[in-house]
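Chemist: Pasting a structure below so you can have a look.
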Amino acid sequence: MIHVAANTRHVHKNNWRPSASIEQLKKRAQLLSQLRRFFESRDVLEISAPVLASAGVTDPFIDNFSTQFSFSAQSSEQTLYLQSSPEYAMKRLLAAGCEHIYSIGPAFRHEGAGSNHNPEFTMLEWYRSGFDMQMLIDEVSDLLKTTLNIENISQYSYQDVFLKHMNIDPLTATTDELIEAVKLKGIDLYNGFETLDNDDLLQMLFSHCIEPSFANHCPVIVTHFPASQASLARINSLDNRVANRFEVYFKGIELANGFHELSDANEQAARFESDNKKRSALNFPTKPIDQYLLTALDAGLPDCSGVALGVDRLLMLIVGASHIRDVLTFDIARA
Amino acid sequence: MANFSTNEFKAGLKIMLDGEPCNILENEYVKPGKGQAFNRVKIRKLISGKVLEKTFRSGDSVEGADVMDTELAYLYTDGEFYHFMNNETFEQIAADEKAVGESIKWLAENDVCTLTLWNGSPIVVTPPNFVELEITETDPGLKGDTAGTGGKPATLSTGAVVRVPLFVQTGEVIKVDTRSGEYASRAQK
């Protein structure tokens with residue numbers, strides 16, 4: 001009899017078994033080699049980014065796992081963050097002279113587990129120097145056509161999907177108009193609307209009403225998110241109300257998020273600081289800003305576009321799985 | 001009662017909403033890659049029985065409801081209250097007409113019902129899935145009819161009216177499915 005230490009978590013006796021079937025694991029291996037062939041044929045270099053770094057992300061709605069490390073016996077412990085994406089490390093590589101790189105590796109987000117979410121997941125991320133947003137969208141489309149065996153992909157602007165599905169212009173609507181739209185859609189919010197800003201309301205409408213209305217027969221790519229949701233994308237040079245950011249959706253799954261990358265170190269620093277302000281306003285802890293990234297941007301990031309794609313979610317779509325655990329060796333419940 | 005954060009939400013969790021205990025039926029976690037996460041929750045209000053959908057911001061916390069189910073045998077009614085007893089401890093609990101609701105037409109002495117207690121008081125009485133009740137009145141049916149075609153109404157000892165096959169007669173005890181209110185079979189002797 002093995003003695004098991006007291007643990008408040010209920011351990012199910014069958015949870016030593018993998019959550020995916022052996023069949024799905026073979027499909028995963030096939031997908032990984034298919035992805036590597038795709039990039040090899042395009043002369044994109046595979047790199048391995050570290051999972052631990054001295055900074056995480058400031059994004060108010062992404063929570064990093066963290067751990068403590070002493071660099072020497074004498075030094076005090078320093079917090080290291082498990083990366084929510086290899087983005088910062090990859091941008092440092094780009095600034096150091098890499099032109100076309102991809103990474104397939106683990107990423108971590110301290111957030112709820114659900115049918116499309118596991119706190120530890122596999123992310124494919126790649127960067128292309130000299131690519132604008134549309135060139136990268138075309139490459140993402142090629143990759144989806146190859147891996148999902150599909151022919152068509154739709155593309156709309158963020159403004160178009162709101163006008164089409166909600167009859168609202170997301171770039172000009174007032175907070176009151178957005179609250180009215182949310183109520184009209186029958187969304188009954190538990191804690192009232194007071195603390196929600198326009199982006200929160202737009203995101204609520206997007207995830208509750210717009211995303212579910214996308215056709216299921218082909219992936220939908222949404223481009224030109226509002227500048228206030230730019231994240232690390234550059235602002236559009238022709239319309240400064242929007243950012244050169246795109247997202248891919250398919251069958252209710254958010255599959256990929258891409259940017260024409262912001263390369264201005266000062267603007268990037270300002271966005272990190274504004275994230276931390278929003279964190280304070282929400283009573284979330286502020287986060288250290290990644291100085292290595294800012295210095296790298298200052299040294300010069302090539303004009304490039306980059307995208308992150310959830311490999312487990314892509315695999316779910318390929319095999320028709322309804323829960324992410326069905327494509328993971330061991331999901332968080334079995335961790 | 002403890003508070004529950006949205007990351008503890010799951011089907012079966014009992015929470016307080018608008019001053020009423022509720023049962024979570026479904027919990028869907030909606031988290032875009034960028035932006036606020038939500039929990040879309042389907043909830044049944046336990047007193048009114050109403051089912052509604054509510055959106056929570058992830059991180060919201062809600063007061064838990066002190067709700068438990070207990071198995072008690074029905075004893076009798078005094079006209080105002082319905083009395084139940086725990087067959088092991090012999091402890092008795094009285095439920096009012098509101099808690100008994102529609103279940104009233106299936107309550108037969110000694111049947112073990114599920115009583116949902118909120119802060120110790122019954123709010124819902126659920127009869128067993130199957131009850132056996134005597135037919136007190138039904139038209140004599142035609143001989144030779146087998147179950148199926150049409151049937152006829154029969155009044156039971158509790159006052160409930162169910163459709164029964166033509167061959168079943170007054171004085172017989174039948175088994176009824178309380179969830180659908182339909183005749184299941186003649187009772188096993």
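Chemist: Please go through segment B:95-130 and give me each residue that is part of a strand (DSSP E or B), in contact (Cβ under 8 Å) with a residue 24 or more places away in the chain and either within 17 Å of B:Asn23 (Cβ to Cβ) or within 13 Å of the chain's Cα centre (by Cα) (or both), ordered by number.
Modeler: B:Val112, B:Cys113, B:Thr114, B:Leu115, B:Thr116, B:Leu117, B:Trp118, B:Pro122, B:Ile123, B:Val124, B:Val125, B:Phe130
Chemist: Now for a separate question. If you take the residues in segment B:58-86 that are of a type outside the set (D, E, K, R) and in a loop (DSSP other than H, G, I, E, B), which one is farthest from the other protein chains (Cβ to nearest Cβ)?
Modeler: B:Gly79
Per-residue answers, yes or no, for (1) more than 30 Å from B:Glu28 (Cα to Cα); (2) more than 13 Å from chain B (Cβ to nearest Cβ):
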position	(1), (2)
A:His224	no, yes
A:Ser231	no, no
A:Arg234	yes, yes
A:Ser237	yes, yes
A:Phe250	no, yes
A:Ala256	no, no
A:Ser280	no, yes
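Chemist: When you go through (1) within 30 Å of A:Pro302 (Cα to Cα); (2) part of a loop (DSSP other than H, G, I, E, B); (3) open to solvent by less than 30 Å² (accessible area, probe 1.4 Å) one by one for A:Ile168, which number turns out not to apply?
Modeler: Here A:Ile168 meets the rest and fails (1).
Chemist: A further question on this structure: Go over the candidates B:Thr55, B:Thr89 one by one and state the one that is polar (S, T, N, Q) and either surrounded by 15 or more Cβ atoms within 10 Å (Cβ to Cβ) or within 9 Å of another protein chain (Cβ to nearest Cβ) (or both).
Modeler: B:Thr55
Chemist: Filter segment B:18-38 for residues that are in a strand (DSSP E or B) and more than 8 Å from chain A (Cβ to nearest Cβ); which is most open to solvent (accessible area, probe 1.4 Å)?
Modeler: B:Glu26
Chemist: Among the residues of segment A:257-271, is any closer than 30 Å to B:Val41 by Cα, at pLDDT below 95 and open to solvent by 20 Å² or more (accessible area, probe 1.4 Å)?
Modeler: So far as segment A:257-271 goes, no, none of its residues is closer than 30 Å to B:Val41 by Cα, at pLDDT below 95 and open to solvent by 20 Å² or more (accessible area, probe 1.4 Å).
Chemist: Among the residues of segment A:286-335, what is the count of those that are within 17 Å of A:Leu144 (Cβ to Cβ) and open to solvent by 50 Å² or more (accessible area, probe 1.4 Å)?
Modeler: 2
Chemist: Within segment A:246-255, can you find the residues that are in contact with a helix residue (DSSP H, G or I) (Cβ under 7 Å, 6 or more places away or on another chain) and over 14 Å from A:Leu148 (Cα atoms)?
Modeler: Those that are in contact with a helix residue (DSSP H, G or I) (Cβ under 7 Å, 6 or more places away or on another chain) and over 14 Å from A:Leu148 (Cα atoms): A:Phe246, A:Gly252.
Chemist: Only residues that are open to solvent by 30 Å² or more (accessible area, probe 1.4 Å) and of a type in the set (S, T, N, Q): list them for segment B:58-74, please.
Modeler: Within segment B:58-74, B:Ser58, B:Ser61 meet the criteria.
Chemist: Inspect segment A:141-160 for any residue being within 14 Å of chain B (Cβ to nearest Cβ) and under 25 Å from the mean Cα position of the chain (by Cα) and give the result as yes or no.
Modeler: yes
The values are calculated or read from the model by the stated rules, or taken from the named source; none is laboratory data. This structure is a prediction, so every number in the text was calculated from the model and none was measured. Note: ideal-geometry Cβ built from the backbone for every residue, glycine included; neighbour counts use all protein chains shown. The area values use the complete protein model at the heavy-atom level, side chains included, leaving out ligands, DNA and RNA. Shrake-Rupley method; radii C 1.70, N 1.55, O 1.52, S 1.80 Å.
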